[in-house]
Amino acid sequence: MREKLIEMELWDAKDQRNPSQDVICAWSVLSRLGAPYRFGGRTPDGRLEYLVLNLAGGEVVASGRGATPAEAMCRAALAARCAQQDKESLVTSH
């Protein structure tokens, strides 16, 4: 997951830590989005979920699930970045 975070410009390749295994790093990844986020709770299968919210309206724009908080946070950040890129590509293609 670390390589994907680097590819999506959510983590610095020079930093050797793995954000999906370190909650402090995962918070840093989420903060790079510039969007609010919050803990969503536990899913029925026991995984943890983090939600990324729309800054203007507060609705959920992406979520991520994982066995650990750090994994869930990183998955949420990747999903949000993909949603941002999809939205940008729709705007520029019209």
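The values are calculated or read from the model by the stated rules, or taken from the named source; none is laboratory data. Computed from a predicted model, the values in this text were never measured in an experiment. So basically every Cβ, Gly included, is an ideal-geometry build from the backbone, and we count neighbours across all protein chains shown. The area values use the complete protein model at the heavy-atom level, side chains included, leaving out ligands, DNA and RNA. Shrake-Rupley method; radii C 1.70, N 1.55, O 1.52, S 1.80 Å.
Contact list please: Cβ distance under 6 Å, first residue in the stretch 1-14 and at negative phi and touching a residue at least 24 places away in the same chain (Cβ under 8 Å), second residue charged (D, E, K, R) and in a loop (DSSP other than H, G, I, E, B), pairs at least six apart or on different chains.
Leu10/Arg32
Looking only at the stretch 5-19, count every residue that is within 11 Å of the chain's Cα centre (by Cα) and open to solvent by 20 Å² or more (accessible area, probe 1.4 Å) and tell me the total.
Adding up the residues that qualify gives 0.
How many residues does the stretch 62-88 contain that are at pLDDT below 95 and either assigned to a strand (DSSP E or B) or open to solvent by 60 Å² or more (accessible area, probe 1.4 Å) (or both)?
Result for the stretch 62-88: 5.
I'd like the residue in the stretch 23-38 that is open to solvent by 50 Å² or more (accessible area, probe 1.4 Å) and touching a residue at least 24 places away in the same chain (Cβ under 8 Å) and, out of all such residues, is farthest from Gly64 (Cα to Cα).
Initial filter on the stretch 23-38 (open to solvent by 50 Å² or more (accessible area, probe 1.4 Å)): 23-24, 27, 31-32, 34, 37-38.
When the remaining residues are screened for being touching a residue at least 24 places away in the same chain (Cβ under 8 Å), the result is 23, 27, 32, 37.
Values: Val23: 14, Trp27: 13, Arg32: 16, Tyr37: 11 Å.
If we take residues in the stretch 23-38 being open to solvent by 50 Å² or more (accessible area, probe 1.4 Å) and touching a residue at least 24 places away in the same chain (Cβ under 8 Å), then Arg32 is farthest from Gly64 (Cα to Cα).
Looking at the stretch 41-57, which of its residues are open to solvent by less than 40 Å² (accessible area, probe 1.4 Å) and either more than 9 Å from the chain's Cα centre (by Cα) or aliphatic (A, V, I, L, M) (or both)? Break it down into steps so the answer makes sense when it comes.
First, the residues of the stretch 41-57 that are open to solvent by less than 40 Å² (accessible area, probe 1.4 Å): 41, 43, 46, 48-53.
Gly41, Thr43, Gly46, Leu48, Glu49, Leu51, Val52, Leu53 - these are the residues of the stretch 41-57 that are open to solvent by less than 40 Å² (accessible area, probe 1.4 Å) and either more than 9 Å from the chain's Cα centre (by Cα) or aliphatic (A, V, I, L, M) (or both).
Scan the stretch 1-27 for residues that are closer than 14 Å to Arg81 by Cα, assigned to a loop (DSSP other than H, G, I, E, B) and in contact with a Phe, Trp or Tyr (Cβ under 9 Å, 6 or more places away or on another chain) and report the count.
0
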